[in-house]
Amino acid sequence: MNQRDSEQVAQMFTDGGYTVTQDEFDADAILVNTCSVRDQAEQKALGKMGIMGRHRQRKPHVVYGFMGCMAQSRGEELFKNIPHLDVVVGTQKYHKVFRYVDDILQSRIERRMDDLSTVFKGHEICDIEEEEDSQNTIKDHIPKDYQASAFVSIMQGCNMKCSYCIVPDTRGRERGRPISDILSEVRGLRDKGVREVTLLGQIVNLYGRTEFEKVDGKSPFVQLLEQVHEIEGIERIRFTSPHPIGYRQDLIDAFTYLPKLASHIHFPMQSGSDRILKLMRRPYKNERFIEICEKMKTARPDLAITTDIIVGFPGETEQDFQDTVNCVKQLEFDNCFVFRYSQRKDTPAAEMELQLPESVKEERNQELLTVVNQLAIAKNNALVGTTQQVLCEGPSKTKQSTLSGRTSQNKIVIFEGSPERMTGQLLDIKIESSTGFTLYGTPVLDPVSAH
Ligand code: SF4
């Protein structure tokens, strides 16, 4: 989601005549989009911003800004320790970043023309208020050389109150975009060559529940999926992340009659222990989570399921942890993102007794990762020798001379071929080897296209 928000801001700068650079030495404005989910991420962002202050010595006009969740939760306090910081912009104000930065930059450049010795201190603009309709502002995309897939933000905020999470404070209450706006964004992406869209929301399956009506027993989210499905040229639809709350039969059924829905869900479980789920304030039991996974596998037999799990939550006993390990083995996830619990300021879990030592968290992290990796590697190895339909996404990030794409189950496949000809194509790829997490294969080309 942060990536999508950053893209929106970058596109506004591009529209305003700026060029996006990945090299901070070239930049006239440096913006850090921050995450608050883990303390480590915040510390990294603060450290990075501190170090980057040195660019002012070479280029006194450089504008520095924080955006996103940490900006939202810390606000003005950020100016105290970072004297060169100019703007702090919250999660509902991404659309205003360009104006703030551009105004500061233009005024600095003008003043420097009069007096080259001018030294600039931080401007200290802080805008973290709520903004009505901010969910409708994340809609533009940066044109890319090769683009087969794109993220589409369909809502903002979350009404849940998980005890470890700061998102409800930083992103506000759930607000969905109108279906018509989302459809026109998807059609625009299709016109630029995009073949796969991933619909994004904090709890994506609850999209529109407070704004839009159910129709024929179908939730607004399923209505949206049906309408995106009708867009010709869009070949695959993904969404992330769903929550067990509101994961109803209409969504399970959608996987039986909407073939463009990819055979993969990323479905956060967080813990396999009911006791811990309750402490986490996740309002479902493990049995319900398993039931949804099983119904989904019946609806779509080749479905891959990945998940998020937190280990070392306050009060987690060895038995609670083993319940999680057993659940992972039972559900045979295709992959899991395992997080060691990290205390977040201003969350109820941070105040709970029985915080576990880092050594226990690390031990459990390693034990669970071993199980997860064994399952993931076995599943990928089983694909060697099969032919998979892969959406080619263009040159591979790790080795530009090869191409990369994903199967419907979201497994990465590397193969040789022409980026101009193959990007955006659904190709049959014969899988020849697996390194555990990445598959390698060869396109099965018909005799005409082979030449
Ligand atoms: S569902 Fe829970 S973890 Fe996810 S964003 Fe909402 S409060 Fe945070």
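Every residue, every condition in (1) touching a helix residue (DSSP H, G or I) at 6+ places or on another chain (Cβ under 6 Å); (2) more than 21 Å from Leu426 (Cβ to Cβ); (3) buried (at least 17 other Cβ atoms within 10 Å of the Cβ); (4) in the same structural domain as Lys345 (by TED's automatic domain parsing), yes or no:
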{"residue": "Tyr164", "(1), (2), (3), (4)": "yes, yes, yes, yes"}
{"residue": "Val167", "(1), (2), (3), (4)": "no, yes, yes, yes"}
{"residue": "Arg171", "(1), (2), (3), (4)": "no, yes, yes, yes"}
{"residue": "Arg175", "(1), (2), (3), (4)": "yes, yes, yes, yes"}
{"residue": "Ile179", "(1), (2), (3), (4)": "yes, yes, yes, yes"}
{"residue": "Asp191", "(1), (2), (3), (4)": "no, no, no, yes"}
{"residue": "Val194", "(1), (2), (3), (4)": "no, no, yes, yes"}
{"residue": "Thr198", "(1), (2), (3), (4)": "no, no, yes, yes"}
Please go through segment 164-180 and give me each residue that is out of contact with any Phe, Trp or Tyr (no Cβ under 9 Å at 6 or more places or on another chain), more than 9 Å from the ligand (Cβ to nearest atom) and assigned to a loop (DSSP other than H, G, I, E, B), ordered by number.
Gly172, Arg173
Grab the helices (runs of 4 or more DSSP H) fully contained in segment 1-119, keeping just those with 1 or more residues being under 29 Å from Asn136 (Cβ atoms).
2-15, 39-52, 69-74, 77-81, 97-114
Subset of segment 300-324 (residues that are away from the ligand (no atom under 16 Å from the Cβ), more than 25 Å from the chain's Cα centre (by Cα) and outside any helix (DSSP H, G or I)):
Pro301, Gly315, Glu316, Thr317
Please verify whether segment 353-367 includes one or more residues that are of a type in the set (Lys, Arg) and crowded, with 19+ Cβ neighbours inside 10 Å.
yes
Assess whether Phe221 counts as being touching a Pro at 6+ places or on another chain (Cβ under 8 Å) and hydrophobic (A, V, I, L, M, F, W, C).
no
Within segment 149-163, the residues that are over 9 Å from Thr347 (Cα atoms) and more than 7 Å from the ligand (Cβ to nearest atom) are Ser149, Ala150, Phe151, Val152, Ser153, Ile154, Met155, Gln156, Gly157, Asn159
Just need a number here: residues in segment 291-316 that are within 22 Å of Arg275 (Cβ to Cβ) and either surrounded by 21 or more Cβ atoms within 10 Å (Cβ to Cβ) or in contact (Cβ under 8 Å) with a residue 12 or more places away in the chain (or both).
12
Failed condition for Ile203, given (1) among the aliphatic types (A, V, I, L, M); (2) away from the ligand (no atom under 16 Å from the Cβ); (3) crowded, with 22+ Cβ neighbours inside 10 Å
(2)
Count, please, the residues in segment 392-451 that happen to be more than 24 Å from the chain's Cα centre (by Cα), part of a loop (DSSP other than H, G, I, E, B) and of a type in the set (D, E, K, R).
2
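The values are calculated or read from the model by the stated rules, or taken from the named source; none is laboratory data. This one's a predicted model, so the numbers in the text were calculated from it and none came from an experiment. Neighbour counts run over all protein chains shown; Cβ positions are idealised from the backbone, glycine included.
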